[in-house]
Amino acid sequence: MTNALRRTVGPVALTCCLALSLAACGGGREYTVPQQACGVPLDKKALDPFLVDGEEFKVRGDSLGDPKVEYPRYCVIGVDGSRVVGIHLYKEDELVDPMDDLWSHRFENREKVKDVPFGGLAAVGDRNAMVTTRCATPQANYLIADMSFAAKAGDDLAERRKDIEAFALGFVAEMKKELGCTK
């Protein structure tokens, strides 16, 4: 290789490598958040704190808002194959208190939610929430929505817990409507 060719190839190769590396770290959200996920209308603002940069928004699992689907149910909202929110839905014959010792292993720093706008009981931890509520349909008297959130969202733990609570209560309220809960 001649010196002139080396002087041309070197900078061209460096420019190509730099361009490729910048394109690869572009980041950002290259996906669109749908109007609903897991068979339930989504509040995009409430979900936003948990979303990460990526290319593909994907929902997999059961429809939590379909009254014909059997219990228990599970649905995952994810980005690029990583779970953002996982939701287990169970039915019960009576109201379950998420502050009961039986559920303590599911939480880190569990706190009771004081105001559940649609009735029921709820608790929030550093990475999860549990909401139990009356449904009163032929399929379920009471529902338990047990949610876990990816570790990503927010450095401020108090803000993160508020975000978890807002998403959980909003999601369960919409889910109850979809299921036709009468109470």
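Counting only residues that are part of a loop (DSSP other than H, G, I, E, B), open to solvent by less than 20 Å² (accessible area, probe 1.4 Å) and of a type in the set (Val, Ile, Thr), region 111-136 holds 1 of them. Under the condition of being closer than 27 Å to residue 53 by Cβ, assigned to a loop (DSSP other than H, G, I, E, B) and in contact with a strand residue (DSSP E or B) (Cβ under 9 Å, 6 or more places away or on another chain), the residues counted in region 137-166 number 3. Only residues that are closer than 20 Å to residue 101 by Cβ and without any contact (Cβ under 8 Å) to a residue 24 or more places away in the chain were counted across region 126-169, and they come to 0.
Answer yes or no: is there a residue in region 22-31 that is surrounded by 13 or more Cβ atoms within 10 Å (Cβ to Cβ), modelled with pLDDT of 90 or more and assigned to a helix (DSSP H, G or I). So far as region 22-31 goes, no, none of its residues is surrounded by 13 or more Cβ atoms within 10 Å (Cβ to Cβ), modelled with pLDDT of 90 or more and assigned to a helix (DSSP H, G or I). When the strands (runs of 3 or more DSSP E) confined to region 42-97 are screened for residues that are open to solvent by 60 Å² or more (accessible area, probe 1.4 Å), those reaching at least 3 such residues are found at 57-61, 82-92. Applying the condition of being part of a loop (DSSP other than H, G, I, E, B) and touching a residue at least 24 places away in the same chain (Cβ under 8 Å) to region 98-108 and asking which residue is farthest from residue 136 (Cα to Cα) yields 99. Scanning region 75-89 for residues that are without any contact (Cβ under 8 Å) to a residue 60 or more places away in the chain and within 22 Å of residue 166 (Cβ to Cβ) yields 75, 76, 77, 78, 79, 88.
The values are calculated or read from the model by the stated rules, or taken from the named source; none is laboratory data. Remember, predicted model here, so these are calculated numbers, not experimental data. Note: ideal-geometry Cβ built from the backbone for every residue, glycine included; neighbour counts use all protein chains shown. These area figures cover heavy atoms from the full protein model, side chains too; ligands, DNA and RNA do not enter into them. Shrake-Rupley method; radii C 1.70, N 1.55, O 1.52, S 1.80 Å.
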